[in-house]
1. Being within 53 Å of the chain's Cα centre (by Cα) and of a type in the set (G, A, S) is the filter here, so list the residues in region A:371-415 that pass it.
2. Can you find even one residue in region A:357-370 that is out of contact with any Lys or Arg (no Cβ under 6 Å at 6 or more places or on another chain) and at pLDDT 90 or above?
3. Condition first: within 12 Å of another protein chain (Cβ to nearest Cβ), within 26 Å of the chain's Cα centre (by Cα) and part of a helix (DSSP H, G or I). Now tell me which residues in region A:17-36 satisfy that.
4. Is there any pair with a first residue in region A:370-385 that is more than 10 Å from chain B (Cβ to nearest Cβ) and a second that is in a loop (DSSP other than H, G, I, E, B) and surrounded by fewer than 21 Cβ atoms within 10 Å (Cβ to Cβ) whose Cβ atoms are under 6 Å apart and which are 6 or more apart or on different chains, and what are they?
5. Go through region A:258-287 residue by residue and tally those that are in contact with a Phe, Trp or Tyr (Cβ under 9 Å, 6 or more places away or on another chain) and surrounded by fewer than 21 Cβ atoms within 10 Å (Cβ to Cβ).
6. Let me spell it out: the conditions are (1) in contact with a Leu (Cβ under 6 Å, 6 or more places away or on another chain); (2) surrounded by fewer than 20 Cβ atoms within 10 Å (Cβ to Cβ), and B:D115 meets all of them except one. Which number is the exception?
7. Determine whether A:G235 is out of contact with any Ser or Thr (no Cβ under 8 Å at 6 or more places or on another chain), in contact (Cβ under 8 Å) with a residue 24 or more places away in the chain, at positive phi and not hydrophobic (A, V, I, L, M, F, W, C).
8. Within region B:99-119, track down each residue that is within 11 Å of chain A (Cβ to nearest Cβ) and over 34 Å from the mean Cα position of the chain (by Cα).
Protein chains: 2
Amino acid sequence: MSGPAQPPAVGPSRAAEGAEARRARAAWSHLAEPTDAAAHLLCRTVGHVAALELVRDGRPRGLLAALAGVELPTEVADAASGGGHVPSAGARRVETALARWRARLAALDLDAELDRTARRGIRLLIPGDPEWPDALDDLGDTIPHGLWAAGPRSLAALVAPGRAVALVGSRACTPYGEDMACSLGGALADRGVCVVSGGAYGIDAAAHRGALSAPDGGGTLAVLAGGLDALYPRGNTRLLEAVRERHLLVSEAPCGTTPTRWRFLARNRLIAALTGATVVVEASWRSGALSTARHADDLSRPVGAVPGPVTSAASAGCHRLIRDRGAVLVTEAADVLELVHGGPPAADPGAARQDELDLLTPLDRRVLDGIPPRSWASLASLALECALAPEAVAAAVARLELLGLARTSGERVQRARRP
Amino acid sequence: MSGPAQPPAVGPSRAAEGAEARRARAAWSHLAEPTDAAAHLLCRTVGHVAALELVRDGRPRGLLAALAGVELPTEVADAASGGGHVPSAGARRVETALARWRARLAALDLDAELDRTARRGIRLLIPGDPEWPDALDDLGDTIPHGLWAAGPRSLAALVAPGRAVALVGSRACTPYGEDMACSLGGALADRGVCVVSGGAYGIDAAAHRGALSAPDGGGTLAVLAGGLDALYPRGNTRLLEAVRERHLLVSEAPCGTTPTRWRFLARNRLIAALTGATVVVEASWRSGALSTARHADDLSRPVGAVPGPVTSAASAGCHRLIRDRGAVLVTEAADVLELVHGGPPAADPGAARQDELDLLTPLDRRVLDGIPPRSWASLASLALECALAPEAVAAAVARLELLGLARTSGERVQRARRP
């Protein structure tokens, strides 16, 4: 039995509601770190606007009520049972979260921030925007509150399914790794692939540079850990400016945020989620790039790794990925495309490297091998050597002579000099 | 219904029978190439002594009768139906085989050969000998007629189960490949492993050299494609003499046999069969070493490969094995031992590379990361930056100071210089 039809709720118009949600998401990107599970949980449960209201309201009871009945991750667990007089561990955690959000909210002048940000040409992307890529939804509980973006390209277009690949690796890379990142980046961009990386020194920078070198290529996207107002690291400013000018920079962090280790680690999940495959070009045993590979793995995105000399510590992480974590060994752009498209294996390059030796029958090949390298042999001795009938040997020798591989003189045969 | 019991056949004594079989196997090693499927089939069906008698007898009918009822491989098929007047293709093949064996038999002075061979210190190993390794039985239809051996070590002892590893690779190797083969060979021999290879230039030689450098190690075995009377290649004579003097050389080929391409390829099956695992150290896209890996695969022996720079053509075959053929990526001797023993994975070397940073809790680590690299921060700003409660930050800073990672001054904190 249904009750009488309700009139549509009277409220802000759809556009205004959108604007309010955008403002709330912008605020949350200031209040909560990317790793703040409680913030993600609250916003996903009640929506960003209502969540922000609850913070403004400031009463833990409101938060606890909003989260009642929600399946809580460990770190916010017990909160639902914390409504009594003696605060439980969970309730205390909710209070702590509220306190930290309120501390940041008190320091936030959102209008001024949004104004400064807009003047820098930085826009905020939120779910539902045409530029918001569906791929980010795979992050589930850690979908970013929003992404700050700068640059002329559309994020959704750059990372359309099957179009984007992450090339990541160590900052402390070798010239070999740098060359590989740059040439892979260039070759992939040439084939219309958007090369996604983290804008760091070393492998990241080389991958971006390679992609930038392909003038009408797939482009390149740098996903930064800090705010887009101060490009980091400093030494890559010009590179990142070029990416911003021609393609796109994005960050989960609002302007004014300095990059820190946990923000780098959280950022890696975005790189993994935005791309169809993650390829680690060079990584030491404990490189942060391995965390991107792990995120890709968690998201069921394929992982590739470029091998290097086993004597190079800078490749130890790649070897570890291939050996112990099922990463696919990658040697060229075709291997990467195969990873992304899961399509048929790249054509066997060996098949192209064919010479007349490949045209020989096994028998002809055997007779050729039986001819001594630098002297004449009689057909009879050759037959004995090859354990073949004399007629078979004679026929093979005739074919070899035709192919220019042997010379005969009466009953004797000699190898022809290869041109 | 069985007929009356037959008296035991009157014949040579057991010892004499053994001697006769040994002579027959020696003869067959002269008559038939390692790849001669018809010879293997005949000898396995009627035994080497009777098979040799049939060749001496010279009548194809005798051979066909001996092979009647045997399941024939393609190349000898139809032979059983070839008893009629019009010879079938199979019967013709048997005739061809008989003709080639007879041609070699006519040229063979077995007594003189055996005499010369014995005077060179070369012995013949046949199935049933204490030195014959069971592992060779896995070759089934291509078990060698015998193996010629020279050197003080027992073949069966050298390649006892779990004790032998094949290290193979390209002749045209790089200094990197040579270093790897030598150091792996040395490290394996040091751990009691016998390093088996083919005595060729490049990777093979480096593997033998590495193993020889371990004075009380597992030793090294060279499996050659030609006769043991003329060590090949010439440039490795001194190396192979050292192997012969201290360990062992073996070959399927009798004295006087020059190595040819098909003999090298047939030899590779022996290297794969004699060892618990085959590791390809460096191999180009079409290296013969890949055939050893394929034989190992066919015999269900594990295959490993050492990666190298993808810019090096000399490693392309190794990368192909890892990428497309399920070879295990090998970076050190421990990986190889794991391959052979199928045991627990080698200890994680990363676990040993631990410093005080690993001792930090995630929270301490977060606070440390939040301290700016080169300036003082107030505890309050640090709490805001890290999105943590001020008390939590103060406690973390105290622990960091204790570990020598931070310095405080009143309410301010700074990173400590790392020693």
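1. Across region A:371-415, the qualifying residue is only A:G404.
2. Looking through region A:357-370, none of the residues is out of contact with any Lys or Arg (no Cβ under 6 Å at 6 or more places or on another chain) and at pLDDT 90 or above.
3. If we filter region A:17-36 for residues that are within 12 Å of another protein chain (Cβ to nearest Cβ), which is where we start, we get A:30-36.
Next, only the ones that are within 26 Å of the chain's Cα centre (by Cα) stay: A:30, A:32-36.
Matches in region A:17-36: A:H30 only.
4. Going by the 6 Å Cβ cut-off, the qualifying pairs are A:S378/A:E411; A:L379/A:E411.
5. Qualifying residue count, region A:258-287: 1.
6. Result: B:D115 fails condition (1) only.
7. In short, no.
8. B:A99, B:A103, B:A106, B:A107
The values are calculated or read from the model by the stated rules, or taken from the named source; none is laboratory data. These numbers were taken from a predicted model, which means no experiment stands behind them. Cβ coordinates were reconstructed from backbone atoms using ideal geometry, including for glycine residues, and neighbour counts include every protein chain displayed.
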